[in-house]
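All of the numbers you see were taken from the coordinates with simple rules; none came from a lab. None of the values given here were measured: they were computed from a predicted structure. Every residue, glycine among them, receives a Cβ derived from its backbone with ideal geometry; neighbour counts consider all protein chains shown.
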């Protein structure tokens, strides 16, 4: 896991000064505190490249595996992990390819030389990388299938800048970047679910390389973008037998966790008390005998309290565990540092909590963190997924039984009024996610309307699987991955999400829909696959609390300093109705969306003040 940055230049501009090189490498040191290096080289007389790399050593922490990694074939600057590197290494060794290190970096370098872009199809991992082929004089820049590792870029006719972090690009370009007010308004009005509908960032002309894509750049700076993974090819197989699928899923999850436990350093695991994190903790400790460390948030708010389930898992695993006590604060300094580093607002209060946990993990010297990101989107874990499922079978014979199960086991846990009235839900002709989750209810806090111009893509012909795909590839997983990487790497920690893999995706999206949701339970097949390991109290719990909190429990919005920050920017003040926001702050009743809005305003104000 590392920080990468670079510039490919067509002109004969001045070289970077030693002071500038050191300034950039120092900026990159949080993503890679172990080793930093700058390499300048020429592709030809007209094209010059400067590579900057900072290393967080996880696998083979020897000097021989430092980056940028150069051999007789090419130069590689790589951020991420190739989980199946040992298996790929054996394949290459059978072709008489020799290795000098024990790292996944060298395996990736050899794979790219031997297979070219076809190597991407063979990788199981998370990555963003730059690779220069000395023989072909071509450059390959790529990002992993789900977008776990970030890669931003700026392109003009004469140069191409890229980096793991927008800050790096700004520093390389030697100029301040302008705010993308359209994107910021999307975030304020519609929340984090709509900020990844395109590849634009919060700063103008800085773009994110799309997931499962690569750029091929020739010696004349001609750039071709291609997709190497076609996830749409996976089709539902209605001939599958449920017991066979349960067994198959169990084997895939065990294999995934086993490869993702490969590390030369201690691993931590986020424990919320739900199925996903409980399964990761139990399997890592009991099945694979790894002494990982568990971390949880402890809240005084009973609406978000999962301590009973957390304590049960801690007792079962006998692992070291730490609660991070949540206290309301008047301070915003840590939030300000996170926003400054990311060059964007934090998506939601969930990721501020995530950041608080990461601070403790870093202090305890763990370098790897397991999280359950992606499982809800793959297996249909949200309450709204159950309604979409019911909608998809509304004309089938088993609908009445499934509806009855939903009313008995799920309805009692739902607080969102838009999800409680199923008849009204079914009458909808279009399924606007902003109406369904209740974002339309916060319009009253703004002085004027804002139209969301970006539209979510359709990914699957099956109605229910298309909803899951939209959450996985647009609404939910992308913003989660963006913040989790940014925050973890700010704390020099590598976040791993074992449920995000091509194998689990192919499995889930080939299953009949009633394998995922059935008998009053979301994620039905995951629950059944984990029966040999996870306590029945966890598996039988249909109440989804999630890793969440009311932002009023975290920040004291009544504090004068916090209010001064929220109302300090003229652009923001032109959008929000301050008098109504004041009443919301004073109110004892705050909906989930109103809680998100307060946090979004605070975030946006900090971001605007830092970048104006």
Please work out which option in (1) 81, 55, 43; (2) 70, 59, 47; (3) 199, 69, 53 gives Cα extents along the principal axes in Å calculated from these coordinates, and answer with its label. (2)
Alpha-carbon centroid distance for the pair region 13-87 / region 371-389, whole angstrom: 38
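In the P(r) worked out for region 298-456, what percent of Cα pairs fall beyond 21 Å? Each step should come with its number before you reach the end.
Details: 8362 of 12561 pairs.
Tail of P(r) above 21 Å: 67 percent of Cα pairs.
Stretch residue 224-residue 173 to full length: gain in nm at 0.36 nm per residue minus the Cα-Cα span? Mind dumping the intermediate values first?
Details: separation 51, 0.36 × 51 = 18.36 nm, distance 2.26 nm.
Result for the pair: 16.1 nm of gain on full extension.
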Arrange the following residues from fewest to most other Cβ atoms within 10 Å of their Cβ: 406, 229. 229, 406
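Can you sort 224, 138, 350 from fewest to most other Cβ atoms within 10 Å of each residue's own Cβ? Mind showing how you got there, number by number?
Numbers: 224 9, 138 17, 350 20.
Ordered by Cβ neighbours within 10 Å, fewest first: 224, 138, 350.
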Put a dot 7 Å past each Cα toward the Cβ at residue 23 and residue 199; how far apart are the dots in nm? 3.0
Based solely on C-alpha atoms, express the radius of gyration and the Dmax of region 2-227 in angstrom. 17.4, 57
Can you give me the C-alpha center-to-center distance between region 169-247 and region 259-317, rounded to a whole angstrom? 30
Inter-centroid distance (Cα atoms) of region 116-130 relative to region 543-573, Å: 40
So residue 137 and residue 87, fully extended at 0.36 nm per residue minus their Cα-Cα distance, gain in nm 15.1 nm
Could you work out the helix-only [θ] at 222 nm for the chain, with each DSSP H run of four or more residues adding -39,500 (n - 2.57) and the total divided by the number of residues, to the nearest 500 deg cm²/dmol? -11000 deg cm²/dmol
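With 10 angstrom as the radius, rank 413, 475, 53 by how many other C-beta atoms surround their C-beta, starting from the fewest.
Values: 413 12, 475 23, 53 28.
With the fewest neighbours first, 413, 475, 53 line up as 413, 475, 53.
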Using label points projected 7 Å from each Cα along Cα→Cβ, tell me how many nm separate residue 34 and residue 444, to one decimal. 5.4
With the label point 7 Å along the Cα-to-beta-carbon line of residue 404 and a cut-off under 17 Å to each amide N, the hits in region 483-526 are 518-521
Can you tell me which of 319-329, 414-424, 116-126, 140-150 comes out highest on packing, and rank the rest after it, using the mean Cβ neighbours within 10 Å? 140-150, 116-126, 319-329, 414-424
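Pop out the Kirkwood hydrodynamic radius of region 530-579 from its pairwise C-alpha distances, inverse of mean 1/r, in Å to one decimal.
15.0
Within 10 Å, count the other beta carbons around each residue, average over each peptide in 582-595, 68-81, and list them highest first. Display every interim value, and only then the final one.
Details: 582-595: 14.6, 68-81: 21.4.
Most protected by this proxy first, the peptides run 68-81, 582-595.
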How far apart, in nanometres, would the label points at residue 397 and residue 580 be if each is projected 7 angstrom from Cα along the Cα-to-Cβ direction? 5.1
